[in-house]
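The values are calculated or read from the model by the stated rules, or taken from the named source; none is laboratory data. Just so it is clear, the structure is predicted and the values come from calculations on it, not from any experiment. When we count neighbours, we look across all protein chains shown, and the Cβ atoms used for this are built from the backbone with ideal geometry, even at glycine. Surface areas here come from the heavy atoms of the whole protein model, side chains and all, with no ligands, DNA or RNA. Shrake-Rupley method; radii C 1.70, N 1.55, O 1.52, S 1.80 Å.
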Amino acid sequence: MKKILGFIFFAALCLMMGSCGSSKQIAYFQNADSITYESSKGLFDAKIMPKDLLTITVSTTDPKAAMPFNLSVSNTLNSTGTLSTSAGSLQTYLVDNNGYINYPVVGELKVGGMTKRECEMYIRDQIKPYMSETERPIVTVKMASFKVTIAGEVKSPGVYNVDQEKISVIEALARAGDLTIYGKRNNVLLIREDATGEKSVHRINLNDANLINSPYYYLQQNDYLYVEPNSVQAKNSSIGQSITIWFSVVSVLTSIASLMVNVLK
């Protein structure tokens, strides 16, 4: 009977060990102290892509000079059911597939591929001829649609807006609550679309500190991150609730065996 009881305990132990994920490959940047970061120097600046939404603000000493370039849209209805004429939110400009926006007074401007700073300087040069020589317009451009999508084995999958127009892989995953214990840290999938619409797939290893030197450390707008489940989670998914059932069975058998041992003493 003692042999039977020992076997049951051994079986329960094996099941528990099989149901737990390996502790290996959990820590990020495991070789952080053994590499150099020379190639990571330089500040990241996102570039404007097709289908981006831009808000553009022009400031001048004479408010009337900037008025034609600061179009706003009304977002309320009056009593007759028509749009009111009061100022609403700033109009957004959609970058078309060729990188152009249709800007008031000036017309079409090609801003695709520019950084925000480059776009601000370019628009400033385009509107200066429409102002007095003493005016020094200040142009502020903001990407209103910078977002990334995170799915898979994270605690809070979803689409995340990035107000500061700069986000690293680590920060993005942190916003999603970090990886679950079942997420593959050495094989995170990144899907990216470039300015021509071509998609590319990249694999990211969070265990390797060389990620900091990678061109994929900072995400671009509309990037898609997918965290694959590890083998333990995949096995659990295929088994379904059978592990729970086995634990219940083993628990019952253990209790019965223990009771029989006490009775037969």
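Per residue, the stretch 139-209 exposes 45 Å² of solvent-accessible protein surface, assessed with a 1.4 angstrom probe and all protein chains in place. With r as the distance between the Cβ atoms of Leu53 and Ile212 and R0 = 25 Å, compute the FRET efficiency 1/(1 + (r/R0)^6) and round to 0.05. Using R0 = 25 Å, I get an efficiency of 0.25. Using a cut-off of 30 Å between Cα atoms, the listed pairs Lys64/Lys147; Lys51/Lys128; Lys116/Lys155; Lys41/Lys184; Lys41/Lys199; Lys41/Lys128 include Lys64/Lys147; Lys116/Lys155; Lys41/Lys128 as exceeding that distance. Quickly work out the Ala174-to-Asp194 label distance, labels modelled 7 Å from Cα along the C-beta direction, and quote it in nm with one decimal. Reported label-point gap for Asp194 and Ala174 is 3.1 nm.
The heavy atoms of Asp208 offer some 50 square angstrom of accessible surface to a 1.4 angstrom probe.
The alpha-carbon of Lys47 sits under 18 angstrom from the alpha-carbons of these aspartates and glutamates, leaving out residues fewer than 8 places away in its chain: Asp96, Glu118, Glu120, Asp163, Glu165, Glu193, Asp194, Glu198, Asp223. Taking 0.36 nm per residue of separation and subtracting the Cα-Cα distance, full extension of the segment from Phe44 to Thr254 would add 69.6 nm.
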